[in-house]
1. Of 107, 40, 267, which is farthest towards the positive pole of the chain's charge dipole, taken about the Cα centre with +1 and -1 on the beta-carbons of Lys, Arg and Asp, Glu respectively?
2. Quick check: net charge around residue 536, other residues with Cβ under 11 Å of its Cβ, Lys/Arg +1 and Asp/Glu -1?
3. Which peptide among 311-319, 51-59 comes first, and what is the full order, when sorted by highest mean count of other Cβ atoms within 10 Å?
4. Along the charge dipole of the range 231-374, which of 241, 366, 319 sits closest to the positive end, that is, farthest toward it, with unit charges on the beta carbon of Lys, Arg, Asp and Glu (+1, +1, -1, -1)?
5. Nothing charged except the Cβ atoms of Lys and Arg (+1) and of Asp and Glu (-1): what's the magnitude of the dipole of the chain about its Cα centre? Round to the nearest 20 debye.
6. Please list, ordered by chain and number, the residues whose modelled amide H lies under 5 Å from the amide H of residue 337; skip anything fewer than 5 residues away on the same chain.
7. Once you place label points 7 Å from the Cα toward the Cβ at residue 327 and residue 399, how far apart are they in nm?
8. Given Cα positions, please report Rg to Rh for the range 62-188, the hydrodynamic radius being the Kirkwood one.
Amino acid sequence: MKLKLLTLFVVLGLILSACGGGAQSSGGQTVTLIIPEEPTTLNFFMADAAIVRQVAEATAMTGLATIDENGNYVPVLAQELPTLENGGLSDDYQTVTWKLKEGLKWSDGEAITSDDVRFTVEVLSNPGSGALVGTSGFDAIKSIETPDDLTTVLTYSEPYPGYLDQFAYGLYPRHATGEPSDMANWEWNRNPVGAGPFVVSAWTSGESITLTKNPNYYEEGKPYIDSLVFRIVPEPAAQTAMMLNGEAQFQLWPGEFKADYDKLLKGKATQHLIPGIWNMAIDFNLSAPFDGDPTAETPHPILGDIRVRQAIASAINYQSLQQDVLKGSVTDSTNPFAYGWYQCDLPRKFGYDVDKANQLLEEAGWVMGDDGIRVAKGAMYAEDGTRLSLELQGYTAFDPLQLTEEFIVENLKAVGVEARIQNYDFSIIFGTYEDNSPRAIGDYDMLIFDRGFTTEPQGYNFDAYHSSRIPTAENPTGGNYFRWVNPEVDKALEVAGSNFDIQTRKDAYCTVGQAVIDDMPQVYLYLFQDNYGVADNLEGYVLSTWGSMSWGAQNWKYK
C-alpha cells in the first residue's frame, strides 16, 4: 500500500513540478531540506523534540564548543577547550576559564563578549526560565568573573565533569533577548540573533522556514550556499517525490528502507545510514493518570504492578520486530546506555516468552475475558472487572514508529492485553507542563518514542531518572515522566555527575541501566541507525551521529 501511494505522489509530482526546483533561486544557490513537522521554537533549550535541532543547529546553536563527527569536543567560538594541561581547568576541577576568539560578532553585527557567556549562565541557571533541556550543572556555578571581553571564569561549588557540554549548544546575546525568567516569551525563540552560519529570513507557518547567509559569520568565506529552505512535509511519500523531482536536496528520516529508496531514486539521491543515538523504548506511567495528581503518590491501576510491566516486556518478539518488521535497519537495545563511552552491555531480564507473559498476568490477578482481553480479578490496584486496556501514545508522520506500534499491539493482544494506538504531533508529545502535555502532567498509560543524548549523558539522564525531577506544578520542567522513585538510582546519578573518572562514571550509569531493567519504568526495543536522503549533486556534508541534518551546513556545496 505504501509503495502504491508513493507512486501516485511521484506521478503527481512529475506533472506538477519541474525537475531541479530548489537548487537555484533568485537569491543564488539554495538547498531545500525536508522535515516532517514544524518546530515550535528554534531555542534548543526550550524543547526536547529532535525536530527543533534540525533547524536550530544552522543558526542559533553555535556555542563555545561542539561535538565533532568522531564524538570529540572541539572549540568553536572559544580559542581552546579548558583543560588541566592548558590551565583552563583548575587542579581542584572547580574553576573553568573560557576564552573567546577575537573579533566575533553576532548576526546583527554586535560584538560577542564574555558578558554573553555570563548571561547564558544567568538564563540557564534561572529556575523560572522554562528551559527543558541542557540545564544540568548550571546551578553548580557559584560565581562568574569576566575580567575582560574575551575571558569568562566560572567557579563551581563542586566538580562538574560535563562543563564542556554546557556551552556546546549555543550562547544567548544579552542585548537581543529578554529577561531570563521570561525566556518562553522571547521573540528571539523564532528569530534568533546567533553566531551560526545562517539567519532566519522568513517563516511561513506550516510551510517553510528560510535561512540566509549570516553576514557576520566567523569563518571567512562561509557558508558557501546562499540559503537553506526547510520545507515542512508530513507525508513520507510526498517527501520522497520531492527528492525524486529535484525539488529538495536533503531529507530527514526517509520512510523507505535503504534498498527501496536507493533503487527508486537512483541517479537523484541516496539514503545514508550512520550509527544513531535514537533509542526506542516504551515508557510506562507508574502513577495514576487523570486523578489531578502529577506526583508518584498513587500507583497506576494497571501498570503500578511490576508483573504487568514484566508481562508486556515478555510479550514482545524483539528479534522479529528488528529483523522482519524493520528489515534489519535497527540493532538491539536493552537499556538507556546503548552507545558511546558509557555503553552498558546488559542482557534482557524479560525477553520474548509468551508463556511467561501469560503466567505473570495470571499471577497479577488478570484473567482472560470472553473477548480475548483480560479483566481484573484480584489485581493489586485495579477494581475487579477492569479491562486490561492501555493507550499507547506515539508521534505522527514516521512509518517505522507506526510499524512498531502495530506490531506491539498484535504481540500484546496475543496475551490478552489491549493496546490502543494514539499518535500526536511532536508539539503535544514533547510539550510542556503548562501546555498540559500528557506525559508532563502524568495523564497517559504508555508512551513510545526514540530518545538520545550526546557524549555527555549526565544532563539528560539526571533529568529523566532522578526522583527530584518528577514534573509537578512546582517543578514543571522535570523530565522523570515515569514518576519513578529509586534511591539507588538517585545516588548513582549523583556520583556520575560529580566525578571526573570515566570508569567510575560508566559504572554509575550502568547501575542506572540495570535498575531500568529490574524496575522496568520502561522497556527498550531497539537502536536506530540514523538515516538521511541526500541529493547526489550535493557535497561537503559530513553526517554525524552527534549532530543534526544541518550540522556543518556552512561547508555544503553543489558539485
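1. After comparing all options, I get 267.
2. Numbers: positive: 266, 268, 559; negative: 262, 539.
With Lys, Arg at +1 and Asp, Glu at -1, the neighbours total +1.
3. Working: 311-319: 22.7, 51-59: 25.8.
With the highest mean Cβ count within 10 Å placed first, the list reads 51-59, 311-319.
4. Of the options given, the answer is 241.
5. Rounded to the nearest 20 debye, it is 1520 debye.
6. Under 5 Å from the amide H of residue 337: 344.
7. Rounded to a tenth, the inter-label distance reads 0.7 nm.
8. 0.94
Values in this text are rule-based calculations from the coordinates and carry no lab data. Keep in mind it's a predicted model, so treat the numbers as computed, not measured. Cβ coordinates were reconstructed from backbone atoms using ideal geometry, including for glycine residues, and neighbour counts include every protein chain displayed.
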